[in-house]
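Heads up: the structure comes next, in C-alpha coordinates.
The values are calculated or read from the model by the stated rules, or taken from the named source; none is laboratory data. Being a predicted model, the structure only gives us computed values, none of them experimental. With ideal geometry, Cβ positions are generated from the backbone for all residues, glycine too; neighbour counts draw on all protein chains shown.
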Amino acid sequence: MTVYSGRASSLVQPVLEQFAADTGIDIKVRYGTTPGTISLLLEEGENSPADIILLQDAGALGAASKAGLLSVLPSELLQRVDEKYRSPSGDWVGVSGRSRVFAYNTDLIDPDKDLPDSVLDFVNPEWEGRLAWAPLNGSFLSFVTALRVIEGENKAREWVEGIHANDVKVFPNNISILAAVARGEVEVGLVNHYYLHRFIQEEGEDFGARNHYVSGGAGALVNVAGVGILKLSKSKDNATALADYLLSSSAQEYFAQQTTEYPLIQGVDPVGQLPPLGSLNPPDLDLGDIDDLEGTLQLLRDVGVIS
(Lines give C-alpha, C1' and ligand atoms only; values in the text may rest on other atoms or scores of the structure.)
Protein backbone atom coordinates (compact mmCIF):
# COMPACT_ATOMS: atom_id res chain seq x y z
CA MET A 1 0.00 0.00 0.00
CA THR A 2 1.26 3.47 -0.86
CA VAL A 3 0.51 6.40 1.43
CA TYR A 4 0.89 9.99 0.29
CA SER A 5 1.43 12.04 3.43
CA GLY A 6 1.19 15.81 3.69
CA ARG A 7 2.05 15.48 7.37
CA ALA A 8 5.66 15.42 8.52
CA SER A 9 7.25 12.05 9.20
CA SER A 10 8.04 13.14 12.76
CA LEU A 11 4.30 13.39 13.44
CA VAL A 12 2.93 10.29 11.75
CA GLN A 13 5.76 7.82 11.04
CA PRO A 14 5.52 6.14 14.47
CA VAL A 15 1.81 5.42 14.14
CA LEU A 16 2.24 4.17 10.56
CA GLU A 17 5.06 1.88 11.65
CA GLN A 18 2.90 0.52 14.47
CA PHE A 19 0.08 -0.21 12.02
CA ALA A 20 2.49 -2.05 9.72
CA ALA A 21 3.86 -4.06 12.64
CA ASP A 22 0.39 -4.96 13.91
CA THR A 23 -1.07 -5.95 10.53
CA GLY A 24 1.90 -7.14 8.48
CA ILE A 25 0.82 -4.79 5.68
CA ASP A 26 3.77 -3.36 3.78
CA ILE A 27 3.55 0.45 3.57
CA LYS A 28 5.41 2.81 1.31
CA VAL A 29 5.11 6.45 2.37
CA ARG A 30 5.78 9.47 0.17
CA TYR A 31 6.15 12.59 2.31
CA GLY A 32 5.64 16.13 1.07
CA THR A 33 3.72 19.27 1.83
CA THR A 34 -0.06 19.05 1.79
CA PRO A 35 -0.43 21.47 -1.19
CA GLY A 36 2.37 19.64 -2.99
CA THR A 37 0.67 16.30 -2.41
CA ILE A 38 -2.58 17.53 -3.96
CA SER A 39 -0.70 18.99 -6.93
CA LEU A 40 1.12 15.70 -7.42
CA LEU A 41 -2.11 13.69 -7.36
CA LEU A 42 -3.69 15.95 -9.96
CA GLU A 43 -0.57 15.74 -12.13
CA GLU A 44 -0.33 11.95 -11.91
CA GLY A 45 -4.03 11.38 -12.54
CA GLU A 46 -4.84 7.75 -13.35
CA ASN A 47 -1.15 6.84 -13.13
CA SER A 48 -0.82 7.69 -9.44
CA PRO A 49 0.40 4.83 -7.26
CA ALA A 50 -1.26 6.37 -4.20
CA ASP A 51 -3.83 4.31 -2.30
CA ILE A 52 -4.56 6.66 0.58
CA ILE A 53 -3.78 10.29 1.43
CA LEU A 54 -3.05 11.61 4.90
CA LEU A 55 -3.18 15.41 4.84
CA GLN A 56 -2.81 18.08 7.48
CA ASP A 57 -5.67 20.26 6.29
CA ALA A 58 -9.38 19.69 5.63
CA GLY A 59 -9.33 22.21 2.80
CA ALA A 60 -6.86 20.06 0.90
CA LEU A 61 -9.02 17.00 1.50
CA GLY A 62 -11.96 19.03 0.20
CA ALA A 63 -9.96 19.88 -2.91
CA ALA A 64 -9.27 16.18 -3.50
CA SER A 65 -12.96 15.44 -3.03
CA LYS A 66 -14.08 18.15 -5.46
CA ALA A 67 -11.59 16.83 -8.02
CA GLY A 68 -13.34 13.45 -7.84
CA LEU A 69 -10.27 11.61 -6.56
CA LEU A 70 -11.73 9.95 -3.46
CA SER A 71 -13.93 6.94 -2.66
CA VAL A 72 -16.79 6.99 -0.19
CA LEU A 73 -15.65 5.59 3.15
CA PRO A 74 -17.56 2.97 5.17
CA SER A 75 -20.35 4.55 7.22
CA GLU A 76 -19.23 2.79 10.41
CA LEU A 77 -15.87 4.49 10.14
CA LEU A 78 -17.36 7.91 9.36
CA GLN A 79 -19.77 7.78 12.25
CA ARG A 80 -16.98 7.61 14.82
CA VAL A 81 -16.27 11.31 14.12
CA ASP A 82 -18.57 14.29 14.63
CA GLU A 83 -20.07 15.42 11.33
CA LYS A 84 -18.30 18.79 11.68
CA TYR A 85 -14.99 17.01 11.17
CA ARG A 86 -15.76 14.79 8.16
CA SER A 87 -16.86 15.18 4.57
CA PRO A 88 -20.59 15.71 3.97
CA SER A 89 -20.21 13.42 0.97
CA GLY A 90 -18.43 10.78 3.07
CA ASP A 91 -15.15 10.57 1.17
CA TRP A 92 -12.75 11.89 3.81
CA VAL A 93 -12.64 11.89 7.59
CA GLY A 94 -10.64 13.78 10.19
CA VAL A 95 -8.26 11.85 12.43
CA SER A 96 -6.95 14.65 14.68
CA GLY A 97 -7.92 18.24 15.39
CA ARG A 98 -6.32 21.56 16.22
CA SER A 99 -7.89 24.81 17.32
CA ARG A 100 -6.83 28.35 16.47
CA VAL A 101 -6.03 30.36 19.60
CA PHE A 102 -4.59 33.66 20.76
CA ALA A 103 -1.29 32.85 22.50
CA TYR A 104 -0.51 35.58 25.03
CA ASN A 105 2.33 36.57 27.35
CA THR A 106 1.26 35.88 30.92
CA ASP A 107 3.09 38.92 32.36
CA LEU A 108 1.87 41.44 29.81
CA ILE A 109 -1.71 40.33 29.14
CA ASP A 110 -4.70 39.67 31.37
CA PRO A 111 -6.83 37.50 29.07
CA ASP A 112 -10.10 38.38 30.79
CA LYS A 113 -9.54 42.12 30.47
CA ASP A 114 -7.16 42.67 27.57
CA LEU A 115 -7.96 40.20 24.80
CA PRO A 116 -10.72 40.87 22.25
CA ASP A 117 -13.70 38.60 21.67
CA SER A 118 -12.96 38.30 17.96
CA VAL A 119 -9.85 38.01 15.82
CA LEU A 120 -11.35 40.81 13.71
CA ASP A 121 -10.70 43.29 16.53
CA PHE A 122 -6.92 43.06 16.21
CA VAL A 123 -7.12 45.71 13.47
CA ASN A 124 -7.93 48.29 16.16
CA PRO A 125 -5.18 50.90 16.81
CA GLU A 126 -4.63 49.69 20.38
CA TRP A 127 -3.02 46.53 18.95
CA GLU A 128 -0.43 48.30 16.86
CA GLY A 129 2.90 46.48 17.13
CA ARG A 130 1.60 43.98 19.69
CA LEU A 131 0.46 41.09 17.50
CA ALA A 132 2.39 38.33 15.64
CA TRP A 133 1.48 36.14 12.69
CA ALA A 134 3.20 33.66 10.36
CA PRO A 135 1.73 34.49 6.94
CA LEU A 136 3.30 31.57 5.05
CA ASN A 137 2.35 28.95 7.65
CA GLY A 138 -0.14 26.41 6.32
CA SER A 139 -2.47 26.70 9.28
CA PHE A 140 -2.53 30.48 8.99
CA LEU A 141 -3.38 30.19 5.30
CA SER A 142 -6.26 27.85 6.19
CA PHE A 143 -7.46 30.36 8.77
CA VAL A 144 -7.45 33.21 6.22
CA THR A 145 -9.24 30.96 3.73
CA ALA A 146 -11.89 30.26 6.37
CA LEU A 147 -12.14 34.00 7.00
CA ARG A 148 -12.82 34.54 3.29
CA VAL A 149 -15.56 31.89 3.35
CA ILE A 150 -17.19 33.16 6.55
CA GLU A 151 -16.88 36.93 6.17
CA GLY A 152 -16.64 37.29 2.39
CA GLU A 153 -13.79 38.48 0.21
CA ASN A 154 -14.09 42.19 0.95
CA LYS A 155 -14.12 41.87 4.73
CA ALA A 156 -11.30 39.35 4.68
CA ARG A 157 -9.21 41.70 2.56
CA GLU A 158 -9.97 44.59 4.93
CA TRP A 159 -8.81 42.47 7.87
CA VAL A 160 -5.55 41.47 6.19
CA GLU A 161 -4.91 45.08 5.18
CA GLY A 162 -5.72 46.30 8.69
CA ILE A 163 -3.43 43.84 10.43
CA HIS A 164 -0.64 44.46 7.93
CA ALA A 165 -0.92 48.22 8.48
CA ASN A 166 -0.98 47.74 12.26
CA ASP A 167 2.73 46.87 12.38
CA VAL A 168 2.10 43.15 12.90
CA LYS A 169 5.26 41.18 13.73
CA VAL A 170 6.13 38.51 11.16
CA PHE A 171 7.53 35.08 12.07
CA PRO A 172 8.25 31.96 10.00
CA ASN A 173 6.07 29.56 11.99
CA ASN A 174 3.96 28.96 15.09
CA ILE A 175 6.87 27.71 17.18
CA SER A 176 8.87 30.92 16.74
CA ILE A 177 5.77 33.01 17.48
CA LEU A 178 5.11 31.18 20.74
CA ALA A 179 8.73 31.42 21.86
CA ALA A 180 8.71 35.18 21.17
CA VAL A 181 5.44 35.61 23.06
CA ALA A 182 6.88 33.77 26.07
CA ARG A 183 9.96 36.01 26.02
CA GLY A 184 7.79 39.13 25.89
CA GLU A 185 9.06 40.22 22.46
CA VAL A 186 5.45 40.36 21.32
CA GLU A 187 2.30 40.23 23.45
CA VAL A 188 -0.08 38.04 21.41
CA GLY A 189 0.32 35.58 18.54
CA LEU A 190 -2.11 33.84 16.21
CA VAL A 191 -1.25 30.13 16.42
CA ASN A 192 -2.62 26.61 16.80
CA HIS A 193 -3.27 25.31 20.29
CA TYR A 194 -0.93 22.34 20.46
CA TYR A 195 2.45 24.10 20.32
CA LEU A 196 1.97 25.50 23.82
CA HIS A 197 1.67 22.06 25.37
CA ARG A 198 4.87 20.89 23.73
CA PHE A 199 6.71 23.87 25.24
CA ILE A 200 5.22 23.21 28.68
CA GLN A 201 6.23 19.54 28.47
CA GLU A 202 9.81 20.62 27.75
CA GLU A 203 10.16 23.77 29.87
CA GLY A 204 7.62 23.33 32.66
CA GLU A 205 4.64 25.27 33.94
CA ASP A 206 6.68 28.48 34.25
CA PHE A 207 6.70 28.87 30.48
CA GLY A 208 5.61 32.46 29.88
CA ALA A 209 2.74 31.97 27.40
CA ARG A 210 -0.73 30.51 27.49
CA ASN A 211 -3.61 29.98 25.05
CA HIS A 212 -6.86 31.90 24.87
CA TYR A 213 -9.83 30.37 23.05
CA VAL A 214 -12.54 32.50 21.48
CA SER A 215 -16.08 31.50 20.58
CA GLY A 216 -17.31 31.53 17.00
CA GLY A 217 -15.88 33.08 13.86
CA ALA A 218 -12.70 32.24 12.00
CA GLY A 219 -10.60 32.91 15.11
CA ALA A 220 -12.18 29.80 16.65
CA LEU A 221 -11.51 27.56 13.64
CA VAL A 222 -10.98 23.90 14.47
CA ASN A 223 -9.24 22.30 11.51
CA VAL A 224 -8.40 18.64 11.10
CA ALA A 225 -5.80 16.37 9.64
CA GLY A 226 -7.54 13.53 7.85
CA VAL A 227 -7.54 10.68 5.37
CA GLY A 228 -9.14 9.79 2.07
CA ILE A 229 -8.89 6.66 -0.07
CA LEU A 230 -8.21 7.08 -3.78
CA LYS A 231 -10.86 5.82 -6.20
CA LEU A 232 -8.14 4.23 -8.31
CA SER A 233 -6.46 2.49 -5.38
CA LYS A 234 -5.45 -1.09 -6.04
CA SER A 235 -5.28 -1.80 -2.29
CA LYS A 236 -8.59 -0.45 -1.00
CA ASP A 237 -8.94 -3.10 1.69
CA ASN A 238 -5.53 -2.24 3.14
CA ALA A 239 -6.22 1.48 2.81
CA THR A 240 -9.52 1.05 4.64
CA ALA A 241 -7.72 -0.89 7.36
CA LEU A 242 -5.31 2.02 7.82
CA ALA A 243 -8.13 4.56 7.99
CA ASP A 244 -9.83 2.34 10.55
CA TYR A 245 -6.62 2.09 12.57
CA LEU A 246 -6.12 5.88 12.61
CA LEU A 247 -9.54 6.14 14.26
CA SER A 248 -8.81 3.41 16.81
CA SER A 249 -8.26 4.16 20.48
CA SER A 250 -4.54 3.42 20.28
CA ALA A 251 -3.89 5.77 17.35
CA GLN A 252 -6.11 8.47 18.83
CA GLU A 253 -4.21 8.24 22.11
CA TYR A 254 -0.99 8.63 20.12
CA PHE A 255 -2.23 11.90 18.58
CA ALA A 256 -3.43 13.12 21.97
CA GLN A 257 -0.25 12.30 23.86
CA GLN A 258 2.52 12.65 21.28
CA THR A 259 1.33 15.51 19.05
CA THR A 260 -1.00 17.09 21.69
CA GLU A 261 -3.76 17.42 19.12
CA TYR A 262 -7.43 16.76 19.76
CA PRO A 263 -8.50 13.14 19.36
CA LEU A 264 -11.71 12.94 17.35
CA ILE A 265 -13.39 9.78 18.65
CA GLN A 266 -15.39 9.31 21.83
CA GLY A 267 -13.58 7.79 24.79
CA VAL A 268 -10.14 9.30 24.18
CA ASP A 269 -9.39 12.49 26.08
CA PRO A 270 -6.99 15.28 25.10
CA VAL A 271 -3.97 16.01 27.27
CA GLY A 272 -2.47 19.19 28.66
CA GLN A 273 -5.60 20.50 30.39
CA LEU A 274 -7.20 21.35 27.07
CA PRO A 275 -10.83 22.40 27.07
CA PRO A 276 -12.97 19.52 25.79
CA LEU A 277 -13.44 19.52 22.03
CA GLY A 278 -17.20 19.61 22.53
CA SER A 279 -16.91 22.82 24.56
CA LEU A 280 -15.34 24.73 21.67
CA ASN A 281 -17.56 26.79 19.39
CA PRO A 282 -15.94 26.73 15.96
CA PRO A 283 -17.52 28.55 13.01
CA ASP A 284 -20.34 26.80 11.23
CA LEU A 285 -18.83 25.83 7.89
CA ASP A 286 -17.94 22.81 5.80
CA LEU A 287 -14.22 22.39 6.40
CA GLY A 288 -13.87 21.02 2.88
CA ASP A 289 -14.83 24.46 1.57
CA ILE A 290 -11.60 26.05 2.81
CA ASP A 291 -9.80 24.69 -0.22
CA ASP A 292 -8.94 27.86 -2.15
CA LEU A 293 -5.33 28.17 -1.02
CA GLU A 294 -4.27 29.93 -4.21
CA GLY A 295 -6.92 32.60 -3.70
CA THR A 296 -5.61 33.24 -0.21
CA LEU A 297 -2.01 33.44 -1.40
CA GLN A 298 -3.07 35.91 -4.08
CA LEU A 299 -4.86 38.05 -1.49
CA LEU A 300 -1.72 38.15 0.66
CA ARG A 301 0.37 39.07 -2.40
CA ASP A 302 -2.05 41.80 -3.39
CA VAL A 303 -1.86 43.38 0.06
CA GLY A 304 1.93 43.08 0.16
CA VAL A 305 2.09 40.63 3.02
CA ILE A 306 4.07 38.13 0.95
CA SER A 307 5.93 38.47 -2.35
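Can you pull out the helices (runs of 4 or more DSSP H) entirely within the stretch 188-268 that have at least 3 residues that are surrounded by fewer than 20 Cβ atoms within 10 Å (Cβ to Cβ) and at pLDDT below 95?
It comes to 194-203.
Just one of Gly278, Gly226 is touching a helix residue (DSSP H, G or I) at 6+ places or on another chain (Cβ under 8 Å) and of a type in the set (Gly, Ala, Ser); which is it?
Gly226 is the lone residue from the list that is touching a helix residue (DSSP H, G or I) at 6+ places or on another chain (Cβ under 8 Å) and of a type in the set (Gly, Ala, Ser).
Restricting to the stretch 242-270, and then to whatever is under 17 Å from Asp91 (Cβ atoms) and of a type in the set (A, V, I, L, M), can you tell me which residue is nearest to the chain's Cα centre (by Cα)?
Leu264
Among the numbered criteria (1) closer than 24 Å to Leu136 by Cβ; (2) exposed (fewer than 15 other Cβ atoms within 10 Å of the Cβ), which one does Glu83 miss?
Of (1) closer than 24 Å to Leu136 by Cβ; (2) exposed (fewer than 15 other Cβ atoms within 10 Å of the Cβ), only one is false for Glu83: (1).
Checking Trp133 against (1) crowded, with 22+ Cβ neighbours inside 10 Å; (2) touching a residue at least 60 places away in the same chain (Cβ under 8 Å), which single condition isn't satisfied?
(2)
Of (1) part of a helix (DSSP H, G or I); (2) in contact with a helix residue (DSSP H, G or I) (Cβ under 8 Å, 6 or more places away or on another chain), Ala180 satisfies all except one. Which?
(2)
In the stretch 269-307, which residue that is assigned to a loop (DSSP other than H, G, I, E, B) and of a type in the set (Asp, Glu) is surrounded by the most Cβ atoms within 10 Å (Cβ to Cβ)?
Result: Asp291.
Mind checking which residues of the stretch 46-72 are within 14 Å of Thr240 (Cβ to Cβ) and in contact with a strand residue (DSSP E or B) (Cβ under 6 Å, 6 or more places away or on another chain)?
Hits for the stretch 46-72 are Asp51, Ile52, Ile53, Leu54, Leu70, Ser71.
Name every residue in the stretch 42-54 that is modelled with pLDDT under 95 and over 12 Å from Ser233 (Cα atoms), in order of residue number.
Leu42, Glu43, Glu44
Does Leu131 count as modelled with pLDDT under 95 and either of a type outside the set (A, V, I, L, M, F, W, C) or assigned by TED's automatic domain parsing to the domain that holds Ser215 (or both)?
no
Being under 30 Å from Glu153 (Cα atoms) and in the same structural domain as Leu141 (by TED's automatic domain parsing) narrows it down to one residue among Glu83, Glu126, Glu43; which is it?
After ruling out the rest, the residue left standing is Glu126.
Is it the case that Val160 is outside the structural domain of Pro270 (by TED's automatic domain parsing), assigned to a helix (DSSP H, G or I), modelled with pLDDT of 95 or more and of a type outside the set (Asp, Glu)?
Criteria met by Val160.
Might you check whether a residue that is within 22 Å of Ala241 (Cα to Cα) and either surrounded by 22 or more Cβ atoms within 10 Å (Cβ to Cβ) or in the same structural domain as Gly208 (by TED's automatic domain parsing) (or both) occurs anywhere in the stretch 103-118?
No, the conditions are met nowhere in the stretch 103-118.
Mind listing whichever residues of the stretch 38-71 are more than 18 Å from Ser89 (Cβ to Cβ) and touching a residue at least 60 places away in the same chain (Cβ under 8 Å)?
Answer for the stretch 38-71, where residues must be more than 18 Å from Ser89 (Cβ to Cβ) and touching a residue at least 60 places away in the same chain (Cβ under 8 Å): Glu46, Ser48, Ala50, Asp51, Leu54, Gln56.
Name the pairs whose Cβ atoms lie under 7 Å apart, with the first residue in the stretch 292-307 and on the phi > 0 side of the Ramachandran plot, the second part of a helix (DSSP H, G or I), and 6 or more positions between them or separate chains?
Close Cβ pairs satisfying both conditions: Gly304/His164.
Would the stretch 201-210 turn up any residue that is in the same structural domain as Phe140 (by TED's automatic domain parsing), under 26 Å from Thr145 (Cα atoms), under 21 Å from the mean Cα position of the chain (by Cα) and touching a residue at least 60 places away in the same chain (Cβ under 8 Å)?
For the stretch 201-210, residues in the same structural domain as Phe140 (by TED's automatic domain parsing), under 26 Å from Thr145 (Cα atoms), under 21 Å from the mean Cα position of the chain (by Cα) and touching a residue at least 60 places away in the same chain (Cβ under 8 Å): present.
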